[in-house]
Amino acid sequence: MRFLFRLFLLFVVVIALVWVFRARILDRLGLVASARPTGSEEREAPGTAERTARERLSDLDFSVESIARELKATGRVVRRKVAEAGRQLEESTRDARTTAKLKARFALDPELKARQIDIHTEDGR
């Protein structure tokens with residue numbers, strides 16, 4: 001019973017903190033805390049928001065050439081990163097593959113006790 005009471009109390013405290021600091025939380029998340037406009041602000045708000053949105057959109061370049069140029073550049077970066085990751089993966093698994101191959105060969109030999117043989121590989125050897 002005590003546990004449930006403490007859990008409920010913690011829940012209430014967390015909700016109260018979120019309620020008190022909601023403006024700061026929304027601001028940090030990039031969301032604007034919505035305050036109710038009054039009087040003349042209410043009439044200017046739609047025009048101001050539209051003007052701000054148009055200014056931000058005018059800064060963006062949606063031409064076909066710029067989009068193609070950006071895709072070409074990012075495609076090169078992605079291909080280079082994938083190739084680099086593949087090489088790193090191959091290098092990091094080389095020792096494990098060599099160990100697995102040797103253990104498989106030893107396990108197939110009926111005269112050897114493969115479980116008692118320790119294999120250490122380094123740099124693929």
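All of the numbers you see were taken from the coordinates with simple rules; none came from a lab. Quick caveat: nothing in here was measured; it's all calculated off a predicted structure. When we count neighbours, we look across all protein chains shown, and the Cβ atoms used for this are built from the backbone with ideal geometry, even at glycine.
Put +1 on the Cβ of each Lys and Arg and -1 on the Cβ of each Asp and Glu in segment 70-115; which of 114, 102, 83 then has its Cα farthest toward the positive end of the dipole?
Of 114, 102, 83, it is 83.
For the pair residue 122 and residue 15, how long in nm is the line joining their label points, each one 7 Å along Cα→Cβ?
About 6.2 nm separates the two model spin labels.
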